1. Tilt of helix 152-169 relative to the longest C-alpha principal axis of the chain, in degrees (0 to 90, nearest 10)?
2. Take F63 and L48, extend 7 Å from each Cα along the Cα→Cβ direction, and tell me the distance between the two endpoints in nm.
3. Leaving ligands, DNA and RNA out of it, rank S200, S182 by accessible area with a 1.4 Å probe, largest first.
4. Where does the longest stretch of the chain lie that holds no trypsin sites (Lys or Arg not before Pro) found in a DSSP loop with 13 or fewer other Cβ atoms within 10 Å?
5. Give, as a single signed number, the net charge of other residues whose beta carbon lies under 13 Å from the beta carbon of L95, with Lys and Arg counted +1 and Asp and Glu -1.
6. Angle between the Cα long axis of helix 136-148 and the longest principal axis of the chain, 0 to 90 degrees, nearest 10?
7. Could you tell me the largest-minus-smallest coordinate of the C-alpha atoms of region 47-112 on each of the three principal axes, in descending order and whole angstroms?
8. How tilted is helix 106-129 with respect to the longest principal axis of the chain? Cα atoms for both, answer in degrees (0 to 90, nearest 10).
Amino acid sequence: MNKKGNIGIRLSIFTAGLFIMSFGIVLLIEANVGATPWDALHVGLYQLFGLTVGTWTMIAGFFILMLGSLYIKEWPQIGAYLNMVMVGLFVDFFLWTPFIQTPATLFGQWMMFLAGVVIHAYGMSFYISARLGAGPRDHFMLALVRKKGWKVSNIRRGMEVIVMALAFLIGGPVSIGTFIFSLLIGTMVGISLPQCERLSDIIINHRLNRKEEV
């Protein structure tokens, strides 16, 4: 994907992806069968200290960004900062909207959960396909890969376990869904990322061709 001359298109794709992913995050939270490890931590911090879930998403993201940057002595790409701020704002927006409520039945809760997993994966894949930089957690993960040479899968798994344990200790919504999400999300992104990359290429090439015609 050519990055020159298409920053506006890629930023639109990036923002749309984060918006979709945030919707998936809130579906997982409101399903009430277990949020993602990181979001369980953010909800737990909100329950303990107030503010908003989105605010804690930004605070935790900033902390992780700084840790990764100090460790590798390199500032992250602008996308990491945009990711941190936009996801926090979008999550709060969806949490404030009255139409997303926990279903009354267990079947409905699991249907909302599964929808959240799929939407989260496609939103994540769409924003990644814009190639504007990794989010705070991925930035920290890549910093450890560069410094330690450890496998990405092992680092990510270790991060998720540690965060899940912290979320559980502070009373965050860690449940069976949290474990299921951790098992499913890698497979879902493996399916959705190539599709989203092809879609992004089509969008960008179409817009660039239209500009050349004009």
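The values are calculated or read from the model by the stated rules, or taken from the named source; none is laboratory data. Every value quoted in this text rests on a predicted model; they were computed, and no experiment measured them. All Cβ positions, glycine included, derive from the backbone under ideal geometry; neighbour counts span all protein chains shown. SASA here: full protein model, heavy atoms, side chains in, ligands and nucleic acids out. Shrake-Rupley method; radii C 1.70, N 1.55, O 1.52, S 1.80 Å.
1. Roughly 40 degrees between the two axes.
2. Distance between label points: 0.8 nm.
3. S182, S200
4. 74-150
5. Within the 13 Å Cβ shell, the charges total -3.
6. It works out to around 80 degrees.
7. Sorted largest first, the three principal extents are 50, 25, 18 Å.
8. Compared with the principal axis, the helix lies near 30 degrees.
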